[in-house]
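Structure record follows, encoded as C-alpha cells.
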Amino acid sequence: MPVTDYFLLWKVTVPSSWIAAVIGFILAWLAVKMKFGKPVADLFIDALFTTIIVWKLSVIVTDFETVRRAPLAILYFNGGTFGFLAGLVVAAVVILLSRKPKPPMMSQGLLLGIVTAQAGYQVMMALLNESAFLIEGITIVVFGMLAVLSFVHAQNERIPIVYGAGLFVAAHAFIGALQPVGFTGIPFTATVLACILAVLVTWRFTQRKETDGGIQ
C-alpha cells in the first residue's frame, strides 16, 4: 500500500507508514505476551529492535559520503530496503546462534508476532492512505482474518509452523498482486524472510532439544 498521507505529530511531519508500523509492532507485542507470556514477547522485541538498529546504521554503508560529511545524518536517514532486510538477517542469525535458553513454544510466538505486526501494518496503511476502495477492503478483510486466526490457533502445536508460515506468505502474495507496489516493497519481502526465520528457529530449536536429549 503506497504512502499518500502525512501527519503532524508534535511539530514533526511523519509518513503514515511510520504510524502504521508502530501500531503493528505494539499489537504484535501485546498478542505474543497474551498468548505466550513475557519471555517470548521479550524475544520478539529483541529481534525487532535488532532489525531496526541495523536498518538505521546501515545508512553508513548505503550512503557513506553523506554520513561522512554529516554524522548526524544517521539520526534522520536509514539504509532503505537493503538495510531493513540486512536487519532481518542479523536478527535471524542472533536468534539462531544464541545459546540462551529458549522459551517454550518460541517459534509459535515468533510467527504470531510476525503475522500480527504485518497485519496491523497493512490494515492501518489501508485506513490511513488513499487507494481503490476494493483493494482497501480486501486488504483489511484478509489481513484481519489472518491476524484473528493466528491469535486463536497460536498455541495449537498440531499445526506445523511451516504450514502457518506458508499460508501467510501465500495470502500476502495474493494481496501484493492487487496492490500498486506489488512484490517490490519492503513489506512482502519482510514477510517472506521473517517466515523463513520462524521456520529456521523451529528447526534449530527441535534439533537442539533432540541433541540435548541424546546427551542425557
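The values are calculated or read from the model by the stated rules, or taken from the named source; none is laboratory data. From a predicted model like this one, the values you see are computed outputs, not experimental measurements. Glycine gets a Cβ as well: all are built from the backbone with ideal geometry, and neighbour counts include every protein chain shown.
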- Only residues that are closer than 27 Å to Gly137 by Cβ and touching a residue at least 60 places away in the same chain (Cβ under 8 Å): list them for the stretch 151-183, please. Phe151, Ala154, Gln179, Pro180, Val181
- Query: Of the conditions (1) assigned to a helix (DSSP H, G or I); (2) at pLDDT below 90; (3) within 19 Å of the chain's Cα centre (by Cα), Ile135 fails just one. Which one is it?
  - Reply: (3)
- Among residues of the stretch 167-189 being of a type in the set (Gly, Ala, Ser) and within 18 Å of the chain's Cα centre (by Cα), the residue surrounded by the fewest Cβ atoms within 10 Å (Cβ to Cβ) is Ala170
- Looking only at the stretch 14-28, decide whether some residue is touching a helix residue (DSSP H, G or I) at 6+ places or on another chain (Cβ under 8 Å) and at pLDDT below 85. yes
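Being within 18 Å of Ala41 (Cα to Cα) and in contact (Cβ under 8 Å) with a residue 24 or more places away in the chain: is that true of Ala86 here? Full working, then the answer.
Numbers: within 18 Å of Ala41 (Cα to Cα): no; in contact (Cβ under 8 Å) with a residue 24 or more places away in the chain: yes.
When the stated conditions are applied, Ala86 does not pass them.
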- Report yes if Gly164 is over 21 Å from Val89 (Cβ atoms) and either at pLDDT 90 or above or crowded, with 22+ Cβ neighbours inside 10 Å (or both), otherwise no. yes
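For the structure I just gave you, tell me whether Ala147 is more than 16 Å from Leu27 (Cβ to Cβ) and part of a helix (DSSP H, G or I). Can you show your working first?
On the way: more than 16 Å from Leu27 (Cβ to Cβ): no; part of a helix (DSSP H, G or I): yes.
No, not satisfied.
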- Item | Lys56 over 25 Å from Leu167 (Cβ atoms), among the basic types (Lys, Arg) and touching a residue at least 24 places away in the same chain (Cβ under 8 Å) | yes
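Being assigned to a helix (DSSP H, G or I), within 13 Å of the chain's Cα centre (by Cα) and either of a type in the set (Ser, Thr, Tyr) or more than 20 Å from Gln118 (Cβ to Cβ) (or both): is that true of Thr66 here?
On the way: assigned to a helix (DSSP H, G or I): yes; within 13 Å of the chain's Cα centre (by Cα): no; either of a type in the set (Ser, Thr, Tyr) or more than 20 Å from Gln118 (Cβ to Cβ) (or both): yes.
No; evaluated as a whole, the condition is false for this residue.
Residue-wise test of (1) among the aliphatic types (A, V, I, L, M); (2) in a loop (DSSP other than H, G, I, E, B); (3) over 16 Å from Pro39 (Cβ atoms); (4) modelled with pLDDT of 90 or more.
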residue	(1), (2), (3), (4)
Phe84	no, no, yes, no
Gly87	no, no, yes, no
Ala91	yes, no, yes, no
Ile95	yes, no, no, no
Pro101	no, yes, no, no
Gly113	no, no, no, yes
Thr116	no, no, yes, yes
Ala119	yes, no, yes, yes
Val123	yes, no, yes, yes
